[in-house]
Amino acid sequence: MDWGISLLGLLVGFLVGLTGVGGASLLTPVLVLVGINPTLAVGTDLFYNSVTKLFGTIQHLRQKTVEMRLVLYLAVGSIPGAVVSILALHQFESLYRHQEQIVRNALGMMLIVVAVMTIVKQLLDRNGKENRIQQKPVEQKKLLTIAIGFVLGFIVGLTSIGSGSLFAIALMYLYRISAARLVGTDIAHALLLVTAAGLLHASYGNVDFGLAFQLLIGSIPGVWVGSSLSAKVPAKPLRAVMASLILISGIKLL
């Protein structure tokens with residue numbers, strides 16, 4: 001038992017609860033920077049995320065804040081997208097030989113994208129005016145939703161990053177959905193995506209279950225404490241600081 005790993009989980013969970021910044025954007029680069037194999041870090045983070053998302057999904061289902069049609073359409077695209085990215089890394093010899101470098105570079109690029117989008121989201125908060133795409137009913141955007149799911153699922157399968165942040169941004173700007181349902185739908189879909197991707201990574205031996213459980217021991221109370229303090233601490237400056245740290249981590253990984 002390495003209590004340092006649990007303390008890392010506590011810190012990540014606390015920051016996620018306090019700021020809402022995605023756990024994978026914080027945890028995966030830290031694991032890579034302390035010497036964990038990039039592919040193993042991605043697989044372990046996906047498994048870790050599936051457990052944390054399970055608790056959130058149960059709560060949102062109880063509250064009836066999950067838009068099930070959107071979850072289904074996104075999952076129809078995102079799960080095959082994740083499967084394609086993971087299989088490509090293992091089935092093509094040229095990619096398999098360089099998978100550590102590929103995953104490391106993909107991680108770096110995605111961290112920079114997430115950091116920039118987090119900052120932009122802070123500056124351009126939704127003003128309540130709907131765009132043309134938002135005004136269309138969900139059924140008319142079925143193919144668009146599946147396509148978005150596939151592209152973002154591919155990214156999540158490769159890097160473990162974006163199951164929350166990238167999908168949340170897509171939901172915010174492309175669909176007519178309340179804030180509570182946006183969060184619930186995002187978490188419920190993320191549960192399906194990260195569980196499928198995590199299981200596939202586990203089948204290739206890319207999940208360190210001991211490491212994941214040690215992280216969970218710290219992160220579950222960390223999220224609870226951070227969430228309870230979030231109403232008392234100004235979130236915007238904290239998110240800007242976290243986005244800056246994620247940006248620096250992304251640049252270091254490239």
Looking only at residues in the stretch 49-75 that are of a type in the set (D, E, K, R) and either part of a helix (DSSP H, G or I) or modelled with pLDDT of 95 or more (or both), which one is nearest to the chain's Cα centre (by Cα)?
K53
Mind checking which residues of the stretch 133-170 are aromatic (F, W, Y) and closer than 19 Å to G184 by Cα?
F167
With the structure loaded, tell me whether A240 is part of a helix (DSSP H, G or I), surrounded by 14 or more Cβ atoms within 10 Å (Cβ to Cβ), among the small types (G, A, S) and modelled with pLDDT of 85 or more or whether it fails that test.
no
Residue match in the stretch 154-163 (condition: surrounded by 18 or more Cβ atoms within 10 Å (Cβ to Cβ), in contact with an Asp or Glu (Cβ under 9 Å, 6 or more places away or on another chain) and closer than 30 Å to R132 by Cβ)
yes
Check whether at least one residue in the stretch 76-89 is within 23 Å of L199 (Cα to Cα) and modelled with pLDDT under 90, and report yes or no.
yes
Of all helices (runs of 4 or more DSSP H) fully inside the stretch 109-224, the set with 3 or more residues that are among the small types (G, A, S) and in contact (Cβ under 8 Å) with a residue 40 or more places away in the chain is 142-159, 179-203
Have a look at E130, E100, E139 and point out the one that is modelled with pLDDT of 80 or more and at negative phi.
E139
From A196, A180, A190, A212, residue being out of contact with any Leu (no Cβ under 7 Å at 6 or more places or on another chain), more than 19 Å from G9 (Cβ to Cβ), crowded, with 21+ Cβ neighbours inside 10 Å and of a type in the set (A, V, I, L, M)
A196
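The values are calculated or read from the model by the stated rules, or taken from the named source; none is laboratory data. In this text, all values refer to a predicted model and were calculated from it rather than measured experimentally. Cβ coordinates were reconstructed from backbone atoms using ideal geometry, including for glycine residues, and neighbour counts include every protein chain displayed.
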